[in-house]
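So the structure is just underneath, and the comments pick up after that.
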């Protein structure tokens with residue numbers, strides 16, 4: 001009798017755990033499904049051609065029919081997104097990797113005592129706070145010393161570079177630390193200096209991990225909305241230089257989604273933009289999976 | 001291998017050059033770390049200095065204003081914590097359940113691979129996309145409108161993969177011996193999980209939950225289109241959660257601190273944006289840092305208690 005009750009409980013517990021897992025799966029698929037369904041309505045319901053959307057350089061969903069009708073080109077957003085996230089990786093990449101090497105190889109004691117807490121606090125600072133400091137410090141600095149309005153792709157890239165610095169650093173550091181000691185010791189035994197060991201052995205061996213850090217950093221920069229929105233200036237035209245204001249996929253969505261009516265072309269074009277953003281994020285994960293499978297040191 | 005092989009060979013002939021290169025590189029690594037540390041020192045110093053000047057009791061307790069200066073952030077602070085609480089009461093059981101499945105029941109098959117793919121996908125989504133999904137499903141389809149509940153659900157979607165990963169790590173860190181001993185004593189799997197594995201994993205679970213809370217606390221992009229960008233006038237004497245003016249009503253809109261910082265900078269008309277933003281950023285960062293400190297302290301303390309040694313593995317759960 002008692003056995004019977006216990007095994008019912010056993011089955012219940014298992015069923016509950018299975019339910020939780022199902023929620024995770026359902027959440028993922030419904031998110032993909034709903035965003036996709038809303039996103040493709042621009043092309044299915046409004047008859048906008050996909051190519052026109054992806055290559056159009058003008059974003060004026062409210063343009064009057066006499067001026068040529070609504071134009072929904074996503075190129076300015078794509079250019080903005082890739083410029084700021086690329087810039088962020090260009091700055092945070094070398095700095096983060098060098099810091100990771102410092103933590104893993106040059107001075108593990110200082111690395112553990114100082115750099116790890118530093119990196120952890122940098123992760124913890126909320127993105128709006130980065131945006132706020134960018135707005136109150138960086139934007140005036142750029143305006144004063146480099147010209148322009150200060151609200152620019154450059155400011156956004158700089159803010160993002162600080163935001164993704166911990167991602168790059170901690171993933172690279174983990175990759176370096178997980179290498180077997182033999183590799184390093186063999187290189188030192190051959191008479192290499194530390195720099196030679198780092199450049200010739202450790203970094204190449206840890207490359208997949210380091211690349212993963214860079215890609216995830218780029219993905220984070222690509223998906224960040226509010227911090228960028230606060231410093232980029234939000235201008236819907238093609239940027240001419242790093243000092244000109246611009247717009248990204250995320251900031252466009254942030255700015256406009258609340259002002260449009262559900263079911264209008266404008267609204268539906270925004271959902272298509274969300275879909276583009278989603279697809280790029282998925283692309284970044286795919287890239288990470290590819291990178292972690294290929295190359296690097298294998299035990 | 002080509003470049004490194006060459007540098008090793010030529011380096012052997014030019015010992016001095018080799019040494020100098022090494023010293024330059026070492027200096028560069030120190031410099032990079034110094035720059036990163038200085039960036040953090042600047043950020044923290046800036047927030048602390050400006051924030052300290054803006055924060056007083058009145059600022060922390062009075063409601064925000066829309067047009068004139070002198071507004072506070074009282075409701076925003078309350079909403080931030082309340083939203084965190086609401087979201088965590090959904091996320092923690094779900095995440096723990098899923099983690100129990102993954103670490104205790106799952107076999108390495110396609111279904112498990114699918115779960116991992118899902119958590120990986122969810123965790124890499126931009127929070128604005130999660131916010132828009134929330135707008136569509138939790139705000140519009142459910143008919144809740146902009147509400148704390150919708151915000152909490154959006155945060156759950158955002159935080160669930162983190163929770164699953166943290167809990168799974170915690171459960172997996174429990175030694176197999178404990179499970180085997182429990183099973184050998186005649187306990188069944190459910191009893192083993194419930195009475196042995198989860199209690200043993202509790203320290204790490206709690207640490208993981210606190211660290212995840214810190215991240216949720218600062219989230220804004222997923223909330224502007226789900227929880228809304230305003231806190232309605234609240235009646236603090238009304239603690240009936242079903243009443244509209246009650247602070248505890250989960251179906252009212254609510255604005256968190258992080259959202260408030262963004263909103264006053266992008267669309268508010270108040271003249272003292274600077275002061276309010278500085279003060280809010282200060283409180284926000286303070287709470288997040290506090291969460292981190294408490295989590296680390298807890299972990300170090302529990303580690304010491306359980307092993308009798310000083311913590312060496314402070315970061316395993318983070």
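The values are calculated or read from the model by the stated rules, or taken from the named source; none is laboratory data. Predicted, not measured: the structure shown is a model, and the values here were computed from it. So basically every Cβ, Gly included, is an ideal-geometry build from the backbone, and we count neighbours across all protein chains shown.
Of all the numbered requirements in (1) in contact (Cβ under 8 Å) with a residue 24 or more places away in the chain; (2) under 13 Å from residue B:149 (Cα atoms), residue B:241 misses one, and that requirement is (1).
Quick check: is even one residue across segment A:115-128 more than 10 Å from chain B (Cβ to nearest Cβ) and either surrounded by 22 or more Cβ atoms within 10 Å (Cβ to Cβ) or over 30 Å from residue B:263 (Cβ atoms) (or both)? Scanning segment A:115-128 turns up no residue that is more than 10 Å from chain B (Cβ to nearest Cβ) and either surrounded by 22 or more Cβ atoms within 10 Å (Cβ to Cβ) or over 30 Å from residue B:263 (Cβ atoms) (or both).
Is it true that some residue in segment B:29-52 is outside any helix (DSSP H, G or I) and either touching a helix residue (DSSP H, G or I) at 6+ places or on another chain (Cβ under 6 Å) or at pLDDT below 90 (or both)? No, because not a single residue in segment B:29-52 is outside any helix (DSSP H, G or I) and either touching a helix residue (DSSP H, G or I) at 6+ places or on another chain (Cβ under 6 Å) or at pLDDT below 90 (or both).
Given the criteria crowded, with 24+ Cβ neighbours inside 10 Å, under 15 Å from residue A:228 (Cα atoms), touching a residue at least 40 places away in the same chain (Cβ under 8 Å) and more than 18 Å from the chain's Cα centre (by Cα), does residue A:152 qualify? So residue A:152 fits the description; yes. All of A:25, A:35, A:97 fail the test of being touching a residue at least 24 places away in the same chain (Cβ under 8 Å), within 7 Å of another protein chain (Cβ to nearest Cβ) and within 23 Å of the chain's Cα centre (by Cα), apart from A:35. If you go through segment B:124-161 and keep only what is more than 9 Å from every other protein chain (Cβ to nearest Cβ), in contact (Cβ under 8 Å) with a residue 24 or more places away in the chain and within 30 Å of residue A:13 (Cβ to Cβ), you end up with B:138, B:149, B:152, B:153, B:154, B:155, B:158, B:159. Mind checking which residues of segment A:100-114 are facing chain B (nearest Cβ under 7 Å) and in contact with a helix residue (DSSP H, G or I) (Cβ under 6 Å, 6 or more places away or on another chain)? Within segment A:100-114, A:101, A:102, A:106 meet the criteria.
Within segment B:78-98, the only residue that satisfies the criterion of being more than 8 Å from chain A (Cβ to nearest Cβ) and closer than 28 Å to residue A:212 by Cα is B:91. Only one entry in B:206, B:197 is away from chain A (no Cβ under 11 Å), surrounded by fewer than 18 Cβ atoms within 10 Å (Cβ to Cβ) and touching a residue at least 60 places away in the same chain (Cβ under 8 Å), namely B:206. Is it the case that segment A:45-63 has a residue that's crowded, with 17+ Cβ neighbours inside 10 Å and assigned to a helix (DSSP H, G or I)? Checked against the condition, which is being crowded, with 17+ Cβ neighbours inside 10 Å and assigned to a helix (DSSP H, G or I), segment A:45-63 yields at least one hit. Of A:164, A:198, all but one fail to be in a helix (DSSP H, G or I) and closer than 30 Å to residue A:231 by Cα; the exception is A:164. Mind checking whether some residue in segment B:185-194 is within 14 Å of another protein chain (Cβ to nearest Cβ), on the phi > 0 side of the Ramachandran plot and either surrounded by 22 or more Cβ atoms within 10 Å (Cβ to Cβ) or in contact (Cβ under 8 Å) with a residue 12 or more places away in the chain (or both)? No, the conditions are met nowhere in segment B:185-194.
Taken over segment A:131-154, the criterion of being more than 8 Å from chain B (Cβ to nearest Cβ) and part of a helix (DSSP H, G or I) is satisfied by A:134, A:138, A:139, A:140, A:141, A:142, A:143, A:144, A:145, A:146, A:153, A:154.
For every residue, the table says whether it meets (1) assigned to a helix (DSSP H, G or I); (2) surrounded by 23 or more Cβ atoms within 10 Å (Cβ to Cβ); (3) at pLDDT 90 or above.
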position	(1), (2), (3)
B:72	no, no, no
B:79	yes, yes, no
B:85	yes, no, yes
B:88	yes, no, yes
B:95	yes, yes, yes
B:98	yes, yes, yes
B:115	yes, no, yes
B:129	yes, yes, yes
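The one condition from (1) surrounded by fewer than 21 Cβ atoms within 10 Å (Cβ to Cβ); (2) within 12 Å of chain B (Cβ to nearest Cβ) that residue A:195 does not meet is (1).
Selection over segment B:73-94 of residues that are without any contact (Cβ under 8 Å) to a residue 24 or more places away in the chain and touching a helix residue (DSSP H, G or I) at 6+ places or on another chain (Cβ under 7 Å) gives a count of 1. Only one of the listed residues (B:259, B:206, B:164, B:196) is farther than 24 Å from residue A:13 by Cβ, in a helix (DSSP H, G or I) and either assigned by TED's automatic domain parsing to the domain that holds residue B:119 or modelled with pLDDT under 80 (or both). That residue is B:259.
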